[in-house]
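Right, one structure below, let's go through it.
The values are calculated or read from the model by the stated rules, or taken from the named source; none is laboratory data. All values derive from a computational prediction rather than experimental measurement. When we count neighbours, we look across all protein chains shown, and the Cβ atoms used for this are built from the backbone with ideal geometry, even at glycine.
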Amino acid sequence: MGFKDLRLFNQALLAMQAWRLMEYPDSLCAHLLKARYYPRGCLVDTSFCSNASSTWQSILHGLELLKQGVIWRIGDGRKVRIWRDPWIPRELSLRVTTTKGRQRSKWVAELLDANGRQWDFNKLIAMFNPADADAIARIKIPTHASEDVLAWHFDRTVKIFAWKLSKDILPTKNNKFKRKLEADGTCDLCGLASETSFHAVVTCQQAYNLRQAMREHWELPAEHRFAPSGPDWLLVLLDGCTSEQKENTLLMLWRAWLMHNNITHESGPTGLEFNGKGKMQIGSAQSGLRKEASNPRETWSHPSDGWIKLNVDASFVDATGCAGTMMVARDSEGRVKFTAWRALFNCASAAEAEAHACVEGLRLASQWCHHPIIRIGLCSSELGFIIAEGKELSQLLLELKIVKVKRDCNKVAHELAALARRNTHSAVWLGQAPACAIDIINADCIQPPA
Ligand SMILES: [Zn+2]
């Protein structure tokens, strides 16, 4: 199992701990946290500062992740802000994506009819773009009076997964083979067995490694209980577990399934830098990189005064050749100059997708940024292709530096590239960012200028 999987898994664990804190706000731990980190506010509204003691750092990190995974379930709509809160249950963005413009309505309650028992559909159509209006109209309003409550979106995802696993309807190769969608049902990862759902999440080597690694942190059922006891193996396994074991087991099986399926790309940092006149300055790039690598915060850093920083990234799925790219340009104050994303088809590799992102980012920058200097952060290791095209485009720019950054420092571009891919959507926003990106961008910009 790679480092990345462990890290993602740790994130899930931290978010779950944070969720327990929210479920039991009277616990000592919750009181301490609140007193110190969000004395006045509500947890999900709080921006966390980075000077916390190391003891709390990991929990704060969990809270931050939790903020990204919570969703309001609408009751009377009086606590939920239309334009800011996550309240729309869908994969793309839990927040409204329509631009607010001059609209005055603030609370979700204002979108309900006079009785407060159903949506005012005319209002929805008038106020929101069709995607938002449609998603909101699907939200069921409870038939009896009730308050809005915060829930964990992530939790729902895991439950749906568990249901599919128990019914054996996950899109495994074996299931696809049975439906004649695949020529054979052998597991692509190990090549040793038919890829049934039990194999994918329990016996395949990766799943096994994940489980053993997690045993060090989590309470899981004994190994002999992960047995192929028949079609009801999951029920048999969960039967007799404590509720904590159940939760841990489902989360782990879900993670194993994602690992099995996500063919994602991630590379370590190396550096390269050149200016717009075509002179490569590899030496200075490497010294710049060392600085970046030794930065323990690992977040996006502001460019110096008069610079624009352009972050680009791509998300690529090997099996389909589909990719998404994302470019975001910000100035030294963290103000967005432009954001853009693009869905790509028939890409050969992650490096190619990243190269496209880079070239497109440069093209947009040369059109829309009037600052003298552009700086790019990207994560790819194959820059040859970019340099050729980049040189041409950068004739239009006074000076250009390319700096490879760690994925953590490239969060906005990374997450939105995946969105563009899943949504097969392309767009450019000048001077602003799509609504689903604003929170990530703000979180980036909390850091003081470097
Ligand atoms: Zn396998």
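Results, tabulated for the structure shown:
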| read-out | value |
| --- | --- |
| Yes/no for K164 being under 18 Å from H260 (Cα atoms), buried (at least 18 other Cβ atoms within 10 Å of the Cβ) and basic (K, R) | no |
| Residue that is nearest to the ligand (Cβ to nearest atom) [pool: residues in region 213-241 that are at pLDDT below 85 and not hydrophobic (A, V, I, L, M, F, W, C)] | R215 |
| Test for V158: is it in a helix (DSSP H, G or I), away from the ligand (no atom under 16 Å from the Cβ) and crowded, with 17+ Cβ neighbours inside 10 Å | yes |
| Selection count where residues are assigned to a strand (DSSP E or B), buried (at least 24 other Cβ atoms within 10 Å of the Cβ) and either without any contact (Cβ under 8 Å) to a residue 40 or more places away in the chain or in contact with a helix residue (DSSP H, G or I) (Cβ under 9 Å, 6 or more places away or on another chain) (or both), scope region 297-348 | 18 |
| Residue match in region 171-185 (condition: touching a Phe, Trp or Tyr at 6+ places or on another chain (Cβ under 6 Å), within 12 Å of the ligand (Cβ to nearest atom) and closer than 13 Å to H260 by Cα) | no |
| Whichever residue in region 189-208 is more than 8 Å from the ligand (Cβ to nearest atom), of a type in the set (V, I, T) and surrounded by fewer than 23 Cβ atoms within 10 Å (Cβ to Cβ) and, among such residues, is modelled with the lowest pLDDT | T196 |
| Any pair with Cβ under 6 angstrom, 6 or more apart, that starts in region 187-206 at a residue that is of a type in the set (D, E, K, R) and ends at one that is near the ligand (Cβ under 6 Å from one of its atoms) | E195/C187 |
| Residue match in region 180-188 (condition: assigned to a helix (DSSP H, G or I), of a type in the set (K, R) and either outside the structural domain of V317 (by TED's automatic domain parsing) or modelled with pLDDT of 85 or more (or both)) | no |
